[in-house]
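Below is one structure, written out as structure tokens; the observations come after it.
All of the numbers you see were taken from the coordinates with simple rules; none came from a lab. The model shown is predicted, which means the values in this text are computed figures rather than measured ones. Cβ coordinates were reconstructed from backbone atoms using ideal geometry, including for glycine residues, and neighbour counts include every protein chain displayed.
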Ligand SMILES: Nc1ncnc2c1ncn2[C@@H]1O[C@H](COP(=O)(O)OP(=O)(O)OP(=O)(O)O)[C@@H](O)[C@H]1O
Ligand SMILES: [Mg+2]
């Protein structure tokens, strides 16, 4: 009799498939705290994010969206499961390797910008490249700065910029090194609708024209409609996905989720 080599559960197949993605979670669990007060923020999430695509993560408040992104970006450690970045399992890497991956392979945009207050906009933008000792691609950098409407603001400190301008600097910083994945946690949450639309169009174009992989958390169906795909979370689990979303399909899915359908 021939020996069975494929795992019966099929989990090995899932991991094999997910490893083709730019970044993937495999059976990811994250528990905060212990005992009676323990919170299972992620309860076995398996999901892959394909290269060059723009994916939105949606779901009710507390469903684990930020936790998933922080674990995928190596900003937080999972309790169990795997995080595969370009096929490498980040969860088994020593801290030094993780820090290097975070610095050189990943871009992150936070809702609160996280710019360094003592550095000009220009210095904030090139910080990841400077830290990595890499030379910027000047043409790309100039194009980003022009597209983001920051050309006249490069010598300003963050405190001298509007919220929208600060967010655009944060976005330029995340994109300038063309990392394997850019994660953005509600990047338009603090912006007026015009600046928000500009930021979303830039994310969309980065994926379409430059093949940039982007994962964005948002509460806004209008923002999610810019993405190629929406992944829904509820109670720390996957709760469906939408390909080529539009505002109506996203709104429907969110209503169904809220109604427990
Ligand atoms: N550092 C922490 N310590 C303890 N519990 C936490 C911590 N961070 C998150 N949680 C809990 O984990 C769960 C998931 O939180 P998470 O921030 O991932 O949700 P979210 O989907 O991003 O929500 P929101 O839409 O409000 O930003 C929540 O119940 C939250 O209270
Ligand atoms: Mg969150």
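Overview of values
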{"read-out": "Largest-first ellipsoid semi-axes for the chain, taking √(5λ) over the Cα gyration tensor eigenvalues, angstrom", "value": "32, 22, 18"}
{"read-out": "Using alpha-carbon coordinates, inclination of helix 163-175 to the longest axis of the chain, degrees", "value": "60 degrees"}
{"read-out": "Segment 148-201 versus segment 207-242: alpha-carbon centroid distance in Å", "value": "19 Å"}
{"read-out": "Rounded tilt (10° steps) of 247-258 against the dominant C-alpha axis of the chain", "value": "50 degrees"}
{"read-out": "Likely footprinting exposure, 160, 241, fewest C-beta neighbours within 10 Å first", "value": "160, 241"}
{"read-out": "For a label point 7 Å along the Cα-to-beta-carbon line of residue 259, residues of segment 216-253 with backbone N under 15 Å", "value": "249-253"}
{"read-out": "Mean Cβ neighbour count within 10 Å, used as a protection proxy, ranking 170-178, 31-39, 144-152 highest first", "value": "170-178, 144-152, 31-39"}
{"read-out": "Degrees, to the nearest 10: 138-147 long Cα axis against longest axis of the chain", "value": "90 degrees"}
{"read-out": "Gain upon complete extension [residue 61, residue 235; 0.36 nm per residue less C-alpha separation]", "value": "61.7 nm"}
{"read-out": "Residue 209-residue 37 pseudo-label distance in nm [points 7 Å out on the Cα-to-Cβ vector]", "value": "5.0 nm"}
{"read-out": "Computed [θ] at 222 nm, helices only, for the chain once each DSSP H run of length n ≥ 4 contributes -39500 (n - 2.57)", "value": "-11000 deg cm²/dmol"}
{"read-out": "Relative contact order computed over the chain (Cα-Cα under 8 Å; 6+ residues apart), in percent", "value": "25 percent"}
{"read-out": "Exposure proxy ranking, count of Cβ atoms within 10 Å, fewest first, for 70, 219", "value": "219, 70"}
{"read-out": "Spin-label pair residue 137/residue 246, simplified geometry with 7 Å Cα→Cβ offset, distance in nm", "value": "3.3 nm"}
{"read-out": "Two-site FRET efficiency, residue 159 against residue 190, from Cβ-Cβ distance with R₀ of 22 Å, rounded to 0.05", "value": "0.90"}
